[in-house]
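We did not get these values from a lab; they are worked out from the coordinates using the rules stated. This is a predicted model, so every value here is computed, not measured. Because the Cβ atoms are built from the backbone with ideal geometry, glycine has one as well, and the counts that use them run over all protein chains shown.
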Amino acid sequence: MTALKQLSFLFAVYLLAVWLAEKLPFAFPASVLGMLLLLALLFSGAVKPRQVEQGADLLLRNMMFLFVPAGVSILDYYPLIRDKVPQLVVIALLTLAVTLAVTALTVQGVSALLARGKGAKG
Amino acid sequence: MTAVTQSPLFGIALTVAAYSVGLWVNRKTELSVANPNLVAIPLVILFLLLTGTSLEDYQRGGEVVNMLLGPATAALALSIYRQKEILREFFLPVLLGCFAGCCAAVGSTLALCRLFGLDETLTASLLPKSVTTPIAVELSAQGGGVAAVTIVVVIFTGIAGAALGPGFLRLLGITDPMAQGVAIGTASHGIGTARALELGKVQGAMSGVAIGVSGLITVALITLLG
């Protein structure tokens, strides 16, 4: 019952976000807004992790399962990408390389700067 | 037979069965790149084609499963919250690394989509491709993209990052475990993180933190772009 109650609480947070997202002056994904709401509740201490974790972990552990039906819909959209598969693969691989390089070099650079700053102070 | 296939329970049961086979293959091969969805999705499609069941019938149950994605995305807040200690300790390098990486991901994807002359629908489907699937799907839908295309590209990106990421970073001379972890998490979300965990504890933890941080940054970036 605990997991069911916690699941229902998560449904309520999400539905509140759906309602709020409609009121926003710009387009914003309701589920991400729900995540921000729950994040605020957790950081403010209004909700304790143990009050949601049974329900949340049930969803988090099975997250990838939830995408199977949406993925199966590729059946309907295959004509859209049929002629574009080589381009899609090239884009995915090139942007992957760019993202990895930029992120890693930035983290390394910032860490080095911080270490030097600490060294100068000490 | 139609009474069976038209019940939402049929689609749910078929999804669970196909995903269980996917998990089994994933465990047997012990490869982080053998993604359960990569097995489950073609398996469901094969079943529908072989039995002549319509996608519409399957999706009666599929929609029920799909409906849980909203609350599941909200639940991601808990996994971000659990990483608050590590985030506090390495705040600047993680935040700046994720920010630079997300700008690079969205910027390079947009540039290449234009270069290849892809239409707006495909471009919107590809833009969020580096982030975790639940966030990517929402951002794709918001921009007029197709969820199914986004899911396939996100999984492909994750698998490519898991398979090629560590070697590519070594080639670049990146030896800092934190830099390796944040880069893999930012570029290839949860699938990459499974591989980062194999590299080491620090890499795994940092990759996990980067999923949430990069997800939020990408939401901001794409919302501002749109």
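A compact table of results
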{"item": "Reference-scaled alpha-carbon Rg (2.2 N^0.38 Å with N residues) for the stretch B:2-67", "result": "1.16"}
{"item": "Cα-based convex hull volume of the protein assembly as shown per residue, rounded to whole Å³", "result": "152 Å³"}
{"item": "Rg/Rg_globular for the stretch B:70-194, with Rg_globular taken as 2.2 N^0.38 Å and Rg from C-alpha atoms", "result": "1.09"}
{"item": "Distant alpha-carbon pairs in the stretch A:1-72 (separation over 21 angstrom), percent", "result": "33 percent"}
{"item": "Residue-averaged beta-carbon neighbours from other chains (10 angstrom radius) around A:44-50", "result": "1"}
{"item": "Most to least packed among A:74-84, B:89-99 [average Cβ atoms within 10 Å]", "result": "B:89-99, A:74-84"}
{"item": "Kyte-Doolittle at least -1.0, axis length at least 27 Å by Cα - qualifying DSSP helices, chain A", "result": "A:2-23, A:85-121"}
{"item": "Kyte-Doolittle mean at least 1.6, axial Cα span of 27 Å or more - DSSP H helices of chain B", "result": "B:91-115, B:147-171, B:201-225"}
{"item": "In the protein assembly as shown, lysine pairs closer than 29 Å at Cα, eight or more apart or cross-chain", "result": "16"}
{"item": "Overall form of the stretch B:34-74 per C-alpha gyration tensor (a/c, 1.5; a/b vs b/c)", "result": "oblate"}
{"item": "Inter-chain shielding of A:79-88 (mean C-beta neighbours from other protein chains, 10 Å cut-off)", "result": "4"}
{"item": "Relative packing of B:207-213, B:15-21, A:28-34, which averages over residues the other C-beta atoms within 10 Å, highest first", "result": "B:207-213, A:28-34, B:15-21"}
{"item": "Centre separation in Å (Cα based) which lies between the stretch B:90-136 and the stretch A:74-122", "result": "8 Å"}
{"item": "Descending principal axes extents, chain B, alpha-carbon based, whole Å", "result": "58, 40, 32"}
{"item": "Debye intensity ratio in log₁₀ form over the Cα atoms of chain A, taken at each q of 0.09, 0.17 Å⁻¹", "result": "-0.53, -1.04"}
{"item": "Residue-span extension gain [A:Leu15 to A:Leu60] - 0.36 nm each, minus C-alpha spacing", "result": "14.4 nm"}
